[in-house]
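Heads up, the thing below is written out as C-alpha cells.
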Amino acid sequence: MAVKQVTLRSFETEDIKELHRWSNDPVSISMAGRVPLTYEQMENHVEKKRKNDDLLLAVENEEHTLIGWVFLQNIEYAHGRAGIGILLSPEARGHGYGKNAMEQMINIGFNQLRLNKIYLTTRGTNEQAIGLYKKIGFIVEGQLRKHAYMEGNYYDTYFMGILASEWKQK
C-alpha cells in the first residue's frame, strides 16, 4: 500500500459538522464506547477541549478534503506528557491515513512541544487500532481488566505509551 500523505491544519468550528457525522458512525461509537451525540453536544465537546488547551488539528487527504481530526489532550508541560487521540471519517479508515496523521502529531508533541511521553487508551477489542499504535512504536504499558462497558459486556482497556527517546530512534 502506498503511503498516504495527510496535511494537518487547525481544527475550525465549521469542521464540527463532519466530526459530528464521524462520531455518530456505529463503528466509532462502538470503538470509543460512547453514545450518539447531538450536534450541540459535539459543539460543547469541542469547546471544552479548546478551553482545556488541547491541541486540535484537522486531517486532510491529498485532495485537501477533511477526513478526520487528531489531538493532544491533557497536556502537562510540568511532567512532559499528553494523551493523543484520533478519529477518521468512516470512508478514510483502513487506508493508511491514520498512521501518517498520528506520526505527524507525535512529531509536533515531541519536537515542538518538547514532551517526553505521549500516551493513549484503547479498547482491547479494537485490534486494528492496537496494531496501528504498535506499528508506530507505542508499547502496551498496562491492561485495565473489564474496564469498559459496551453492549452488555465488559471489555479490557489498554494503556499504551511512547517516549521521546523511543521516537527519536525511528
Mind checking the range 6-58 for GluC sites (Glu not before Pro) that DSSP puts in a loop (not H, G, I, E or B) and that have at most 16 other Cβ atoms within 10 Å?
GLU12
Å² per residue, accessible surface of the chain at 1.4 Å:
56
For PHE71, net neighbour charge (Lys/Arg +1, Asp/Glu -1) across residues whose Cβ lies under 14 Å away:
0
Whole-angstrom Cα spans of the chain along principal axes, big to small:
41, 39, 38
Dividing the mean separation of Cα pairs under 8 Å (6+ apart) by the residue count of the range 1-102 yields a relative contact order in percent of 32
Summing -39500 (n - 2.57) over every DSSP H run of at least 4 residues in the chain and dividing by its residue count gives a helix-only mean residue ellipticity at 222 nm, to the nearest 500 deg cm²/dmol, of -9000 deg cm²/dmol
Per the 1.4 Å probe, what fraction of the accessible area of the chain, in percent, lies on carbon and sulfur atoms?
49
Mean separation of Cα contacts under 8 Å (at least 6 apart) over the residue count of the chain, i.e. the relative contact order in percent, is 19
Leaving ligands and nucleic acids out of the surface, order ARG123, ARG21 by accessible area at 1.4 Å, largest first.
ARG21, ARG123
Part-to-part distance (alpha-carbon centres) for the range 87-148 and the range 42-81, which is given in Å
14
Under 12 Å, Cβ to Cβ, from ASN24 - net charge with Lys/Arg +1 and Asp/Glu -1
+1
Check: the chain dipole with +1 on Lys, Arg Cβ and -1 on Asp, Glu Cβ, in debye:
660
Counting other Cβ atoms within 10 Å, which chymotrypsin sites (Phe, Trp or Tyr not before Pro) in the range 65-148 have at most 14 and lie in a DSSP loop?
TYR77
Under 20 Å, Cα to Cα: Lys pairs in the range 111-170, sequence gap 8 or more or different chains
8
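The values are calculated or read from the model by the stated rules, or taken from the named source; none is laboratory data. For clarity, every value in this text was computed on a predicted model and none was experimentally measured. When we count neighbours, we look across all protein chains shown, and the Cβ atoms used for this are built from the backbone with ideal geometry, even at glycine. Side chains are part of the model used for accessible areas, which takes the heavy atoms of the whole protein and leaves out ligands, DNA and RNA. Shrake-Rupley method; radii C 1.70, N 1.55, O 1.52, S 1.80 Å.
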